[in-house]
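Colleague: A single structure is presented below for examination.
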Amino acid sequence: MSLQLDTLAYTNQLRRLPPEHKLIFAFMTLAISLSTHPPVQILMAIWMSIWTVVYARIPAGVYLRLLLFTIVFCLTSLPALMINGVSIADLQTVQLDSWYGLNFGQFYIYISRSGSIQAWVIFTRSLASVSCLYFLMLTVPFAEILQTLRYLKFPVLLTDLLLLMYRFIFILLKTASELWTAQNSRGGYSNWHTSMKSLALLIGQLLQRTLQKYSQFSLGLKARGFAGEFRVWHPRRYRPSQRYTVEAICGCVLLIGLEICQNAGIFT
């Protein structure tokens, strides 16, 4: 999946737009997503999906799988906010907050109204924020993100650490794939017991192999005369689009205007 996402970042229809424009746009929409209310956040998620799927021509199946991963992750964590419990003696204190509940011995377990509202706010904010980050991840190659951050005077140490983390993601995935293929070919996942044993061995070998790869990578850098800063090259063959620039600005202004109107009580 990671290799496919990296390929899409180099082949999407917005590839020739300046990366600094897309980076600024992604962070601007992210800031709006984090500071607005659920209706505006839902509109933001839909708008960013249009940018990603329609304008950038990212396959809808890939994008939906990414969103599904985020939705499932949120749904597994939100019940902790929605479900509360009190003793039967304190039932009157939560009567107004209880949406639906059941008695379990000396305790009353219920679905909280305030917790449900909080969970909904967190869910919409997460969905809108992730859609902004997916747009950046699927339309801008990582090397161009680093070059843009350096152009914006970000610390070299920070960009180098980001590059190393990005590099070792692929090393980790490749090593895990090789180990899993070797175990699977020997029947290491034929049943539950052997699967757990093989998984434990895979995790242990993965750590050892990753440390070996890191040592080889460090020796390779020293042999090539690494001077303390990674240099990433890419051609500056970009064509700014007036249409996309105007649409991005107008869309952000419209969403901010909708949020202001909602705060003023116009839509309530």
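The values are calculated or read from the model by the stated rules, or taken from the named source; none is laboratory data. Note that the coordinates shown come from a computational prediction; the quantities given were computed from them, not determined experimentally. Cβ atoms come from the backbone with ideal geometry, glycine included; neighbour counts cover every protein chain shown.
Colleague: Taking Ser131 as the residue in question, decide whether it is loosely packed, with under 15 Cβ neighbours inside 10 Å, within 28 Å of the chain's Cα centre (by Cα) and of a type outside the set (Val, Ile, Thr).
Modeller: For Ser131, the condition - loosely packed, with under 15 Cβ neighbours inside 10 Å, within 28 Å of the chain's Cα centre (by Cα) and of a type outside the set (Val, Ile, Thr) - is not met.
Colleague: Would you point out the residue of the stretch 38-72, among those that are touching a Ser or Thr at 6+ places or on another chain (Cβ under 7 Å) and among the aliphatic types (A, V, I, L, M), that is farthest from Glu259 (Cα to Cα)?
Modeller: So, considering only residues that are touching a Ser or Thr at 6+ places or on another chain (Cβ under 7 Å) and among the aliphatic types (A, V, I, L, M), the one farthest from Glu259 (Cα to Cα) is Ile58.
Colleague: Also: Out of (1) surrounded by fewer than 18 Cβ atoms within 10 Å (Cβ to Cβ); (2) free of Cβ contacts under 8 Å to residues at least 40 places away in the same chain, the odd one out for Ile122 is which?
Modeller: Of everything listed in (1) surrounded by fewer than 18 Cβ atoms within 10 Å (Cβ to Cβ); (2) free of Cβ contacts under 8 Å to residues at least 40 places away in the same chain, Ile122 misses just condition (2).
Colleague: How many residues does the stretch 84-101 contain that are surrounded by 15 or more Cβ atoms within 10 Å (Cβ to Cβ) and not small (Gly, Ala, Ser)?
Modeller: So the count comes out to 5.
Colleague: So, in the stretch 48-62, exactly how many residues are surrounded by fewer than 21 Cβ atoms within 10 Å (Cβ to Cβ) and in a helix (DSSP H, G or I)?
Modeller: Total satisfying the criteria: 8.
Colleague: Can you name the residue in the stretch 173-199 that is within 20 Å of Leu211 (Cα to Cα) and not polar (S, T, N, Q) and is also surrounded by the most Cβ atoms within 10 Å (Cβ to Cβ) among such residues?
Modeller: Leu179
Colleague: Anything in the stretch 178-193 that is modelled with pLDDT under 80 and among the hydroxyl-bearing types (Ser, Thr, Tyr)? List them, or say none.
Modeller: Those that are modelled with pLDDT under 80 and among the hydroxyl-bearing types (Ser, Thr, Tyr): Tyr189, Ser190.
Colleague: Still on this structure: Would you confirm whether or not the stretch 140-159 contains a residue that is out of contact with any Gly (no Cβ under 6 Å at 6 or more places or on another chain), among the basic types (Lys, Arg) and in contact (Cβ under 8 Å) with a residue 12 or more places away in the chain?
Modeller: Looking through the stretch 140-159, none of the residues is out of contact with any Gly (no Cβ under 6 Å at 6 or more places or on another chain), among the basic types (Lys, Arg) and in contact (Cβ under 8 Å) with a residue 12 or more places away in the chain.
Colleague: Now a separate question. Within the stretch 1-47, can you find the residues that are among the hydroxyl-bearing types (Ser, Thr, Tyr), surrounded by 18 or more Cβ atoms within 10 Å (Cβ to Cβ) and assigned to a helix (DSSP H, G or I)?
Modeller: Selection gives Thr29, Ser33.
Colleague: Within the stretch 238-266, track down each residue that is surrounded by 13 or more Cβ atoms within 10 Å (Cβ to Cβ) and outside any helix (DSSP H, G or I).
Modeller: Tyr238, Ser241
Colleague: Taking the stretch 87-125 on its own, how many of its residues are touching a helix residue (DSSP H, G or I) at 6+ places or on another chain (Cβ under 6 Å) and either at pLDDT below 75 or of a type in the set (Asp, Glu) (or both)?
Modeller: Residues flagged as touching a helix residue (DSSP H, G or I) at 6+ places or on another chain (Cβ under 6 Å) and either at pLDDT below 75 or of a type in the set (Asp, Glu) (or both) within the stretch 87-125 amount to 2.
Colleague: To continue, here is another question. How about the stretch 48-83: which of its residues are aromatic (Phe, Trp, Tyr) and closer than 12 Å to Leu127 by Cα?
Modeller: Listed by number, the residues that qualify are Phe69, Phe73.
Colleague: Out of the stretch 12-30, which residues are out of contact with any Ser or Thr (no Cβ under 8 Å at 6 or more places or on another chain) and either of a type in the set (Phe, Trp, Tyr) or more than 24 Å from Thr124 (Cβ to Cβ) (or both)?
Modeller: Those that are out of contact with any Ser or Thr (no Cβ under 8 Å at 6 or more places or on another chain) and either of a type in the set (Phe, Trp, Tyr) or more than 24 Å from Thr124 (Cβ to Cβ) (or both): Gln13, Arg16, Pro18, Phe25, Phe27.
Colleague: Picking from Lys222, Lys174, which residue would you name as being modelled with pLDDT under 80, within 29 Å of Arg57 (Cβ to Cβ), outside the structural domain of His37 (by TED's automatic domain parsing) and among the charged types (D, E, K, R)?
Modeller: Lys174
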